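The structure appears right after this line, and notes come after that.
The values are calculated or read from the model by the stated rules, or taken from the named source; none is laboratory data. Bear in mind that the values here come from a model prediction, so they are computed numbers and not experimental data. Glycine gets a Cβ as well: all are built from the backbone with ideal geometry, and neighbour counts include every protein chain shown. The area values use the complete protein model at the heavy-atom level, side chains included, leaving out ligands, DNA and RNA. Shrake-Rupley method; radii C 1.70, N 1.55, O 1.52, S 1.80 Å.
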Amino acid sequence: MATLNSNVPPGPLADKWRTYKSNLKLVNPANKRKYEVVIVGAGLAGASAAATLSELGYKVKCIVFHDSPRRAHSIAAQGGVNAAKNYQNDGDSVHRLFYDTLKGGDYRAREGNVHRLAEVSVNIIDQCVAQGVPFAREYGGLLANRSFGGAQVSRTFYARGQTGQQLLLGAYSALSKQVGAGAVELITQHEMVDLVVVDGHARGVITRDLVTGKFHRHSGEAVILATGGYGNVFNLSTYARGSNTTAIWRAYKRGACFANPCYTQIHPTCIPVSGDYQSKLTLMSESLRNDGRIWVPKKKEDCKKPPADIPEADRDYFLERIYPSFGNLAPRDVSSRAAKRMCDEGRGVGDTGLGVYLDFAEAIQRYGKQVANRANLHNPSKEKILELGEAAVKERYGNLFDIYHEITNESAYKQPMRIYPAVHYTMGGLWVDYNLMSNVPGLFVLGEANFSDHGANRLGASALMQGLADGYFVVPYTIGNYLATVKPTSRPSTDAPEFKAAEENASSIVKRLLAAKGKEPVNYYHKKLGLIMWNHCGMARTKEGLEDGIKKIQALRTEFWANVNVPGSGDNMNQALERANRLADFIELGELMCRDALAREESCGGHFREEHQWPDGECKRDDENFAHVAAWEFQGEGNVPLRNIEPLNYEFTKMSVRSYK
Amino acid sequence: MVAETSKNISVTIRVWRQPAADQPGKFVDYPAKDLNPNMSLLEMLDVVNDQLERIGEDPIAFAHDCREGICGTCSLVIDGKPHGPHHGVASCQTYMRSFEDNSIITIEPFRAKSFPIVKDLISDRSAFDAIQQAGGFISIRTGSAQDANATPIPKDIADLAMDAAQCIGCGACVAACKNASAMLFVSAKVSQLGLLPQGQPERDTRVLNMVAKMDELGFGNCTNQYECSAACPKLISHDFIARMNRDYLAASFRTAFKPKPAASGGGGA
Ligand SMILES: Cc1cc2nc3c(=O)[nH]c(=O)nc-3n(C[C@H](O)[C@H](O)[C@H](O)COP(=O)(O)OP(=O)(O)OC[C@H]3O[C@@H](n4cnc5c(N)ncnc54)[C@H](O)[C@@H]3O)c2cc1C
Ligand code: SF4
Ligand code: FES
């Protein structure tokens, strides 16, 4: 049974981090270069950590599977990054950001961690601006902000629709500076395929060179995983295709606990699936719901008709109907589930029947009349109103309408958008304490790969904040506290038996995959897994569904190993093998997610168990029995994993019912 | 050329196959049948690859990740054009409705002396990282920054810096240029940082070092044909090249005539 001590320091909430930080053990500057830290991942979390640790003097090795650190999935984040700067003078504060984040997470995160996140958020913006991140600005030259869900203040910093890109390129430039100076050894196109644990401490990783197929051993005094989220377990998601779980899954199998694997965020407004060839779902910003009205036909038989032929009386504006006070701006999880219900009733639209309309016709009329009024146009023609209205909508959402057009070849000015919920983020991840260290000493986990700060639901613009907080401002301090207890240059030789065993384990998996020589391609199984996960462990979960899901996944796992066809060999670039190797881990993770969802007999945030809801369909939490983190511990192949518990002790905040009415 | 109907189409793809960097390559034709026109070009490749894998043949290797035009990984020359027929999009944002039923689509990797082919449709663009490491940054230690609003930046300057900063590092500019010049890529980074007040202290060394690295890595000269910005998925303007040239000249001049500060350090006996 793993020991799960959160190590959140005592004392008043606002002083915890400051006091703790000044009492952490330090590593003598002359000794720092005698410690080698192996960092896997160079997204926001990994790149910021690699740059900062090497600035501090540690020897750093940074490993990514991408061909360049700049390609990490963080690049795709659109909306923005939160920070409690209160530049708008609208009453924001560290405490308010803390509270919003904790509440947004449905009271399933640690108070201490979340408060620290809110505290360092302000440093992030300073750091990024100093690096040359071109955030949006006002005419006076000061930084601009926008509002995001779950907050009543305007605290989101952004760089057009490409905030993740600009933040990542900032961290990448800091990393590049250190690589250029010879202070970081950068290794690209290497996939971490095992963690090496020596005498109970993480002391290295095994990688597979994706170009040559060769295995490599990397030894260090500490290991950091910053390998991102695992939403691709659902096959279709808003993630980049390469995002995977292999690094954290293999660490789990070496003893690191996996916390809350079932907490998944499903975003309501994405472009729906258009066919079974589809590889990826694209996000349409939540901001569209300010002006778009969501509806489906009232009658099943109308679903295939062009939307314009369906009269007003035959349309069901279901969010407005079910949630009159929030309407189309009902929260993400609630809106997603409602859309699914409509489609399950057979009232979904589009070729596949899995879509709902997001309609701007009314907004176009409204804006058109407003503009006409302002321009003193009396009795404008219908055409004029339409023209003015479309222009106004274009000004607000033009780039999103363009993306929509590019993908669907439809104009959302002329006909409603079709949207559907899609998997977007995973709140679960490897368990870490306040130091961001897992239960395996010496193994640190940052960014989306850990489970730390978002509880059961993440607020918009908070993932970028967390990734950079972890890498720039938390781990550089906390890792010293660990390394101070480790003898300098004590990392094991890569000839140690543990390295040999780990390499053999990784290479045996590759050999088995290549030997299967079955009948179906890897993607066939990924699609199957995705469907099982979506149907059984998606937006609405039930006991029977999850139990059934576990059985189906177990059967799929057997079939996959017996019948997958991975052509080619293991000693050169083999993309089918890369995909198969990742999918093998996703299949196992999928089963654990179902187990976690099954064991959590409550609904909270993104985890919705149909058995546990209020009469109005809201999540019914069970604080008495489930105010805890579930951290799963591997018990060996074929054995049921152990569910460990870390209680969430709230000292400063009251766990209350999250209501949106 | 756009197939306006929603009828499925069939095409032949003529793909560059090359097993490894040190082996010869050739074009191979594959049928791709009954495709939904809303399928992306990369999804079409997925379908073809599934067919190949099913019969135990090596799938076509191609680079991709985000599939929404932001990561810069995808890098295909489609019918002779880097990133394909449409303006201002990446390969992954190319859809089958852009092609005629029964047409032949030629697909090749980005080719340039400094981008050696790794396998099939994948070329090695690590030279871009090397250029970035030579100076594409502002040297600021984590934690030492002043308040973000301490230095206001005029909105038009910030906006222009953002225009340059949008570069996704894909290398289409190099692949499109007959000289395989990397000027558009380098000028985008040099301009972004050179426009901002934070970038001023290292402005001269940055442009000199990045250009020197670019030359060292074998990228060609710019002869003002502007094929680069025409192929650029982010429509980065070639005005940035002119801006960089001015910066480069000024920096060379200043460096040549700059009085050298007396050696500092040590602190004396
Ligand atoms: C479409 C989209 C929009 C988003 N918009 C926002 C937003 O507006 N605001 C916000 O706050 N959040 C947003 N998010 C979420 C946010 O982008 C991510 O949570 C965050 O960027 C994750 O960063 P990371 O550093 O943890 O991981 P990543 O950026 O995913 O980086 C992972 C790194 O690990 C490496 N890696 C992974 N596995 C291995 C392995 N086995 N071996 C070697 N290397 C490996 C990769 O090469 C990469 O370098 C969005 C997400 C999506 C999908
Ligand atoms: S300048 Fe344009 S074409 Fe060149 S690397 Fe950047 S985005 Fe690609
Ligand atoms: S795959 Fe990311 S830009 Fe095309």
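Pairs linking a residue in the range A:235-260 that is of a type in the set (Gly, Ala, Ser) to a residue that is part of a helix (DSSP H, G or I) and modelled with pLDDT of 95 or more, with Cβ atoms under 6 Å and 6 or more positions apart or on different chains, are A:Ser237/A:Gly231; A:Ala240/A:His73; A:Ser243/A:His73; A:Ser243/A:Asn232.
For the range B:168-187, which residues satisfy the criterion of being within 16 Å of ligand 3 (Cβ to nearest atom) and within 19 Å of B:Asp247 (Cα to Cα)? Across the range B:168-187, the qualifying residue is only B:Phe185. Which count do you get for residues in the range A:188-226 that are farther than 14 Å from A:Thr494 by Cβ, within 14 Å of chain B (Cβ to nearest Cβ) and in contact (Cβ under 8 Å) with a residue 40 or more places away in the chain? Matching residues across the range A:188-226 total 8.
Scan the range A:628-661 residue by residue and report those that are among the aliphatic types (A, V, I, L, M), buried (at least 18 other Cβ atoms within 10 Å of the Cβ) and in contact with a Leu (Cβ under 8 Å, 6 or more places away or on another chain). Step through it out loud before you land on a result.
Filtering the range A:628-661 for residues among the aliphatic types (A, V, I, L, M) gives A:629-631, A:640, A:642, A:645, A:648, A:655, A:657.
Filter once more, keeping what is buried (at least 18 other Cβ atoms within 10 Å of the Cβ): A:629-631, A:648.
The answer is A:Val629, A:Ala631.
Working only within the range B:203-220, note down all residues that are of a type in the set (Asp, Glu) and crowded, with 18+ Cβ neighbours inside 10 Å. Steps first, please.
Here is the first cut: in the range B:203-220, the residues of a type in the set (Asp, Glu) are B:204, B:215-216.
Across the range B:203-220, the qualifying residue is only B:Asp204.
Total residues in the range B:123-133 satisfying the condition of being at the interface with chain A (Cβ under 8 Å from one of its Cβ atoms) and surrounded by fewer than 23 Cβ atoms within 10 Å (Cβ to Cβ): the figure is 3. Residues in the range B:107-132 that are assigned to a strand (DSSP E or B) and under 19 Å from B:Cys92 (Cβ atoms): B:Ile107, B:Glu108, B:Pro109, B:Phe115, B:Val118, B:Lys119, B:Ile122, B:Ser123.
Considering the range B:18-49, and only residues there that are at the interface with chain A (Cβ under 7 Å from one of its Cβ atoms) and modelled with pLDDT under 95, the residue that is nearest to A:Asn409 (Cα to Cα) turns out to be B:Asn38. Of the candidates A:Pro380, A:Pro416, the single residue that is more than 22 Å from the chain's Cα centre (by Cα) and open to solvent by less than 40 Å² (accessible area, probe 1.4 Å) is A:Pro416. Annotation for the range B:179-190: at least one member residue is assigned to a loop (DSSP other than H, G, I, E, B), out of contact with any strand residue (DSSP E or B) (no Cβ under 6 Å at 6 or more places or on another chain) and away from every other protein chain (no Cβ under 14 Å).
Residues in the range A:337-353 that are modelled with pLDDT of 90 or more and buried (at least 20 other Cβ atoms within 10 Å of the Cβ): A:Ala339, A:Met342, A:Cys343, A:Arg347, A:Gly348, A:Val349.
Look at the range A:316-343: where a residue is under 19 Å from A:Gly538 (Cα atoms) and a partner is acidic (Asp, Glu), sitting 6+ places away or on another chain with Cβ atoms under 8 Å, you get A:Arg332/A:Glu286; A:Val334/A:Glu618; A:Met342/A:Asp316.
Number of residues in the range A:273-286 that are away from chain B (no Cβ under 11 Å) and open to solvent by less than 20 Å² (accessible area, probe 1.4 Å) equals 1.
Which strands (runs of 3 or more DSSP E) sit wholly inside the range B:1-99 and have at least 3 residues that are open to solvent by less than 50 Å² (accessible area, probe 1.4 Å) and in contact (Cβ under 8 Å) with a residue 40 or more places away in the chain?
Of the strands (runs of 3 or more DSSP E) lying wholly inside the range B:1-99, those with at least 3 residues that are open to solvent by less than 50 Å² (accessible area, probe 1.4 Å) and in contact (Cβ under 8 Å) with a residue 40 or more places away in the chain span B:9-17.
Taken over the range A:145-177, the residue count meeting the criterion of being more than 8 Å from every other protein chain (Cβ to nearest Cβ) and open to solvent by 20 Å² or more (accessible area, probe 1.4 Å) is 11. For the range A:457-489, filtered to residues that are assigned to a helix (DSSP H, G or I) and of a type in the set (Val, Ile, Thr), the residue that is surrounded by the fewest Cβ atoms within 10 Å (Cβ to Cβ) is A:Thr478.
For residues that are surrounded by 23 or more Cβ atoms within 10 Å (Cβ to Cβ) and more than 27 Å from B:Phe62 (Cα to Cα), scanning just the range B:188-197, find the one that is nearest to ligand 3 (Cβ to nearest atom).
At the first step, the residues of the range B:188-197 found to be surrounded by 23 or more Cβ atoms within 10 Å (Cβ to Cβ) are B:188-196.
Next, only the ones that are more than 27 Å from B:Phe62 (Cα to Cα) stay: B:190-196.
Working: B:Val190: 22, B:Ser191: 21, B:Gln192: 19, B:Leu193: 23, B:Gly194: 26, B:Leu195: 25, B:Leu196: 25 Å.
Here the answer is B:Gln192.
Give the residues of the range A:86-144 that are of a type in the set (Gly, Ala, Ser) and away from chain B (no Cβ under 14 Å), sorted by residue number.
Our first condition is that a residue be of a type in the set (Gly, Ala, Ser); within the range A:86-144, this holds for A:91, A:93, A:104-105, A:109, A:112, A:118, A:121, A:130, A:132, A:136, A:140-141, A:144.
Across the range A:86-144, the qualifying residues are A:Gly91, A:Ser93, A:Gly104, A:Gly105, A:Ala109, A:Gly112, A:Ala118.
For (1) modelled with pLDDT of 95 or more; (2) touching a helix residue (DSSP H, G or I) at 6+ places or on another chain (Cβ under 9 Å); (3) among the hydroxyl-bearing types (Ser, Thr, Tyr), each residue gets a yes or a no:
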{"site": "B:Gly143", "(1), (2), (3)": "no, yes, no"}
{"site": "B:Cys173", "(1), (2), (3)": "yes, yes, no"}
{"site": "B:Asn179", "(1), (2), (3)": "yes, no, no"}
{"site": "B:Leu193", "(1), (2), (3)": "yes, yes, no"}
{"site": "B:Gln198", "(1), (2), (3)": "yes, yes, no"}
{"site": "B:Thr205", "(1), (2), (3)": "yes, yes, yes"}
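Being of a type outside the set (A, V, I, L, M, F, W, C), more than 14 Å from chain A (Cβ to nearest Cβ) and open to solvent by 10 Å² or more (accessible area, probe 1.4 Å) is not true of B:Gln200. Kindly establish whether A:Ser507 is assigned to a loop (DSSP other than H, G, I, E, B) and open to solvent by 10 Å² or more (accessible area, probe 1.4 Å). Against the criterion (assigned to a loop (DSSP other than H, G, I, E, B) and open to solvent by 10 Å² or more (accessible area, probe 1.4 Å)), A:Ser507 does not qualify. On the stretch given as the range A:454-506, residues that are within 16 Å of ligand 1 (Cβ to nearest atom) and more than 24 Å from the chain's Cα centre (by Cα) total 4. Applying the selection to the range A:359-386, what residues are assigned to a helix (DSSP H, G or I) and either under 30 Å from A:Ser274 (Cα atoms) or in contact with a His (Cβ under 9 Å, 6 or more places away or on another chain) (or both)? Hits for the range A:359-386 are A:Ala361, A:Glu362, A:Ala363, A:Ile364, A:Gln365, A:Ala372, A:Leu386.
Restricting attention to the range A:178-187, the residues that are more than 9 Å from chain B (Cβ to nearest Cβ) and assigned to a loop (DSSP other than H, G, I, E, B) add up to 2. Counting only residues that are acidic (Asp, Glu) and surrounded by 24 or more Cβ atoms within 10 Å (Cβ to Cβ), the range A:70-105 holds 1 of them.
Counting the residues of the range A:517-539 that are open to solvent by 20 Å² or more (accessible area, probe 1.4 Å) and assigned to a loop (DSSP other than H, G, I, E, B) gives 2.
Residues considered: A:His405, A:His424. Of these, the only one that is within 14 Å of another protein chain (Cβ to nearest Cβ) and buried (at least 22 other Cβ atoms within 10 Å of the Cβ) is A:His424.
Of all the residues in the range B:50-74, those that are within 7 Å of another protein chain (Cβ to nearest Cβ) and more than 16 Å from ligand 1 (Cβ to nearest atom) number 8.
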